[in-house]
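Student: A single structure is presented below for examination.
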């Protein structure tokens, strides 16, 4: 009996560590010591990605709701989107910019991937970021309602789906390799279940229509990334998150 309790405590500590790892990786949350982090920890922490996205969505929804008492929809939406990017330190937006810089270069896959590693942002990346922020602001300001909660949840679920089904695009080492080589169908099944469990109480039956759209987006993104890059990288996963978030915000006709 004592051994079972000790084992349970150890598992609880490991789960907490991996939750904090996901929280610190995906957001600017500064507290919580994760200790020594292995590639196994990184991969296992992905099961918490939908939950992190859900918490971010709740924060954004509450923030926008409060701002609407003092501001009109457009400035309230702009401030909400600013908080959205600040909450992740622009991690996914940076991935979107790097990905579009790669897509804007004429050349083979290796040339695209090489351009994406450059820390400088090019014209294509800037255009992608501006358009993404304008679309998010317009969607939030037009009244996305509860989809503001679901959007970050869906974006982070999409990241895990791509990790589990697409290989690493680069030939060398990279943070993305730790995810694509270790995240598999087990983690994918868990995050899909978590996505449905978290989104159904918010959207009720329309969640089925939203889920079908997201499945279509998944196949389109996966095919596009495989054709143009031969797989995914950390930047591409960030781009997929941003694209998915924007898509969800424009699904209000389904509700």
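Each reported figure results from applying straightforward, stated rules to the coordinates on display, with no laboratory input. Model, not experiment: these values are computed from the prediction. All Cβ positions, even for glycine, are placed from backbone atoms using ideal geometry, and neighbour counts span all protein chains on display.
Student: Compute the Kirkwood hydrodynamic radius of region 2-254, taking the inverse of the mean of 1/r over all pairs of distinct Cα atoms, and give it in Å to one decimal.
Tutor: Result for region 2-254, one decimal place: 18.8 Å.
Student: Under a GNM of the chain (C-alpha, springs under 10 Å), which listed residue has the highest mean-square fluctuation: 16, 60, 196?
Tutor: Maximum among the listed residues: 16.
Student: When 150, 131 are ordered from fewest to most other Cβ atoms inside 10 Å of their Cβ, what list results?
Tutor: 131, 150
Student: Let me ask another. Need the full-extension length gain, residue 134 to residue 171, defined as separation in residues times 0.36 nm minus the C-alpha distance. One decimal, nm.
Tutor: Fully extending the segment from residue 134 to residue 171 adds 9.8 nm.
Student: Additional query: When the helix-only estimate is applied to the chain (DSSP H runs of n ≥ 4, each -39,500 (n - 2.57), divided by the residue count), what is the mean residue ellipticity at 222 nm, nearest 500 deg cm²/dmol?
Tutor: -25000 deg cm²/dmol
Student: Arrange the following residues from fewest to most other Cβ atoms within 10 Å of their Cβ: 61, 200.
Tutor: 200, 61
Student: Estimate the FRET efficiency between residue 62 and residue 28 by the formula 1/(1 + (r/R0)^6), using the beta-carbon distance for r and 22 Å for R0, to the nearest 0.05.
Tutor: After rounding, the FRET efficiency stands at 0.80.
Student: Need one number: nm distance between label points at residue 123 and residue 146, each 7 Å from Cα along Cα→Cβ, rounded to one decimal.
Tutor: Placing both labels 7 Å beyond Cα along the Cβ direction yields 4.5 nm.
Student: Still on this structure, I have one more. With a cut-off of 8 Å between alpha carbons and a minimum separation of six or more residues, what is the relative contact order of the chain in percent?
Tutor: 27 percent.
Student: Choose one answer from 202, 210, 56: the residue with the largest mean-square fluctuation in a GNM of the chain with alpha-carbon springs under 10 Å.
Tutor: Greatest mean-square fluctuation among the candidates belongs to 202.
Student: Measure off 7 Å from each Cα along the Cα-to-Cβ vector at residue 224 and residue 212, then give the distance between these two points in nanometres to one decimal.
Tutor: Here the modelled spin labels are 2.2 nm apart.
Student: Something else about it: On full extension of the chain, what length is gained from residue 190 through residue 72, given 0.36 nm per residue of separation minus the C-alpha to C-alpha distance? Numbers along the way, then the final one.
Tutor: Working: separation 118, 0.36 × 118 = 42.48 nm, distance 3.95 nm.
Gain on stretching residue 190 to residue 72: 38.5 nm.
Student: Need the C-alpha centroid separation for region 30-56 versus region 70-122, integer Å.
Tutor: If you average the Cα positions of each part, the centres end up 22 Å apart.
Student: Could you check which residue among 189, 70, 169 shows the biggest mean-square fluctuation in a GNM of the chain with a 10 Å Cα cutoff?
Tutor: Maximum fluctuation in the GNM of the chain, among the listed residues, is at 70.
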